[in-house]
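Below is one structure, written out as structure tokens, with a few remarks after it.
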Amino acid sequence: MDSDLWLECINCHTKFDAKKIIYTCEKCGHLLDVKYGNLEKAIDGDWKKRPISVWKYYPFLPKLKQVISLNEGKTNLYHCTNLSDKLGINNLWVKNEGENPTGSFKDRGMTVGVSVAKSLGSRVVACASTGNTSASLAAYASKAKMACVVFIPSGKIALGKLAQAMMYGAFVLAIKGNFDEALELVQESCERFHMYLLNSLNPYRLEGQKTIGYEIIDQLNWEVPDTIILPIGNAGNISAIYKGLLEWKEIGLIEKIPRMIGIQAEGAAPIAEAYKKREKTVTFVEKPETIATAIRIGKPVNWEKALRAIYGTKGLAETVSDREILEAQKMLARAEGIFVEPASASSIAGLRKLIDNGEIDRNERVVCVTTGHGLKDPDTAIKSCEEVTQVQADITDIEKTLNKILSETMKIYAV
Ligand SMILES: *Cc1c(COP(=O)(O)O)cnc(C)c1O
Ligand SMILES: [Zn+2]
């Protein structure tokens, strides 16, 4: 790694060598940020002319001898006119992170995180995961020829994600506990067994994830949206996007930073509850519960960075119910042809609620980040839809059924 890079505590600002394997400040225990000297140099670089991808933004990422990549990033930004008509706003975009190689934005973090692990000489990587982190880490570990150990909450991860971690060849430990317990245990295990930790506590992972914000602005032809809405689980992503945009603003590449809005499920909402009381610390939730398993987290490790993102941009945090999440998931799929997993749909559910509350103006330019692919969790999708119609393998039975279905469909379109 280059010498122009260091780790810095977000609380006491102590600096640490970038090559030191630590995840929190050795002095005060708070979170660390990756810091760069001389980002100004990047203003006039040739990078701007390259096609978008995570590594397009290399001047804002650690410089590494070897990069482990599966061609992550460059996800589509959809102009969602059907959905915005339904919701009564004028300018809605969806950044669909489910289009990454393993189906979630975690790949952006892992291309950087696993490349750093490799360059530091680590041979085993590990994480605790509600599913997507393990799927992503397992894939990048394969590519990097490293061993991978993942801790998952037993019985609480979506089927598609489990299938991925197993297929990519990770050692999967199903912990009889929730995600928060799994995270504490993997941290301790990493220390004892010298495995490299790749949860979002790891500041290098957030460096990769900040490129979501960079791509959005790039895709909007360098116009900054008014608002970015995304789900919050462990709170790494909202912190990462904010950090990246702050770095661009500080060197003058952009003039403003969008309002950062985080959405949590009602049963797992420590950050939204803190925001509603305008508090500067959060009270953890002991038994988080929601159908959106990717954000079923009661002790978000990045809470302190997330509150800075929210307060620092005059943003906000809101809660949505499981019912609202499932409705939004279906609405996005049926209005725009975009199928996302429940946690991702919380950004759409949140948008809907905030329009109703008057917190979002109809003329705002809004970008919702949908974080993971719908096929990750087929069980929840099937349960929340109407049953399929069974017919005989016989044209008269089909005719009878279609006559009924089509006349009803026509009625819907006639309204
Ligand atoms: C990881 C994840 C989240 C939560 O992101 P954080 O950075 O932990 O806040 C949300 N949605 C999906 C699909 C995820 O995989
Ligand atoms: Zn400190």
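The values are calculated or read from the model by the stated rules, or taken from the named source; none is laboratory data. Since the structure is predicted, the reported quantities are computational estimates derived from the model, not experimental observations. Ideal geometry is used to build each Cβ from the backbone, glycine not excepted, and the neighbour counts take in all protein chains shown. Surface accessibility is based on the protein's heavy atoms, side chains included, excluding ligands, DNA and RNA. Shrake-Rupley method; radii C 1.70, N 1.55, O 1.52, S 1.80 Å.
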Where q = 0.22 Å⁻¹, what log10 of I(q)/I(0) comes from the Debye formula for the range 276-391, counting one point per Cα? -1.39
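Where the accessible area of the range 54-196 is counted over protein heavy atoms with a 1.4 Å probe, how much of it, in %, is carbon and sulfur?
Exposed carbon and sulfur together represent 52 percent of the surface.
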Inverting the mean 1/r over all pairs of different Cα atoms, compute the Kirkwood radius of the range 194-243 and quote it in Å. 11.9 Å
How much accessible surface does Leu87 have with a 1.4 Å probe, in Å² rounded to 10? 20 Å²
Where a Cα-Cα gap under 17 Å defines reach, which lysines qualify for Lys376, not counting those fewer than 8 residues away within the same chain? Lys106, Lys156, Lys161, Lys330
So if I place +1 on the C-beta of Lys and Arg and -1 on the C-beta of Asp and Glu, and nothing else carries charge, what would the dipole magnitude of the range 274-415 be about its Cα centre? I want it in debye, nearest 20. 840 debye
Computed curve, the range 1-109, Cα-only Debye sum without solvent term, log₁₀ I(q)/I(0) at 0.13, 0.15, 0.19 Å⁻¹, is -0.73, -0.88, -1.07
Given a 1.4 Å probe and the protein chains all in place, what does the accessible area of Ile398 round to, in Å² to the nearest 10? 60 Å²
Tabulate in residue order the Karplus-calculated ³J(HN,Hα) for the range 88-95, using 6.51 cos²θ - 1.76 cosθ + 1.60 with θ = phi - 60°, rounded to whole Hz; enter x for Gly and Pro. x, 10, 9, 8, 10, 10, 10, 8
Just to be sure I understand the model, the point goes 7 Å from the Cα along the line to the Cβ. What's the resulting Glu289 to Leu375 distance in nm? 3.3 nm
Across the Cα atoms of the chain, what radius of gyration and what greatest pairwise Cα-Cα distance (Dmax) are found, in Å? 21.6, 77
Strictly greater than 16 Å: what percent of every Cα pair in the range 8-71 meets that? 59 percent
With a probe of 1.4 Å, find how much accessible area the range 1-100 has per residue, and write the answer as a whole number in Å². 51 Å²
Using a simple charge model, +1 on the beta-carbon of Lys and Arg, -1 on the beta-carbon of Asp and Glu, nothing else, what dipole does the chain show about its Cα centre, in debye to the nearest 20? 940 debye
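Please list His194, His373, His13 in order of solvent-accessible area, largest first, computed with a 1.4 Å probe with all protein chains present.
His194, His13, His373
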Residues of type aspartates and glutamates that Lys63 reaches as a straight line, Cα spacing below 15 Å, ignoring anything fewer than 8 places off in the same chain: Asp2, Asp4, Asp17, Glu207
For Lys143, solvent-accessible area (1.4 Å; no DNA, RNA or ligand), Å²: 120 Å²
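Which sequence of Ser69, Ser347 reflects their accessible areas, 1.4 Å probe, from the largest down?
If we order Ser69, Ser347 from most to least accessible, we get Ser69, Ser347.
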Could you state the angle between the C-alpha long axis of helix 106-119 and the longest principal axis of the C-alpha atoms of the chain, as a value from 0 to 90 degrees rounded to the nearest 10? 30 degrees
Along the Cα→Cβ direction, 7 angstrom out, place labels at Asn90 and Leu406. What is the inter-label distance in nm? 4.1 nm
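Counting other C-beta atoms within 10 Å, and keeping those with at most 14, which DSSP coil GluC sites (Glu not before Pro) do you find in the range 26-95? Could you put the intermediate results ahead of the total?
Numbers: sites: Glu26, Glu40, Glu72; in loops: Glu26, Glu72.
Here the sparse-neighbourhood loop sites are Glu26.
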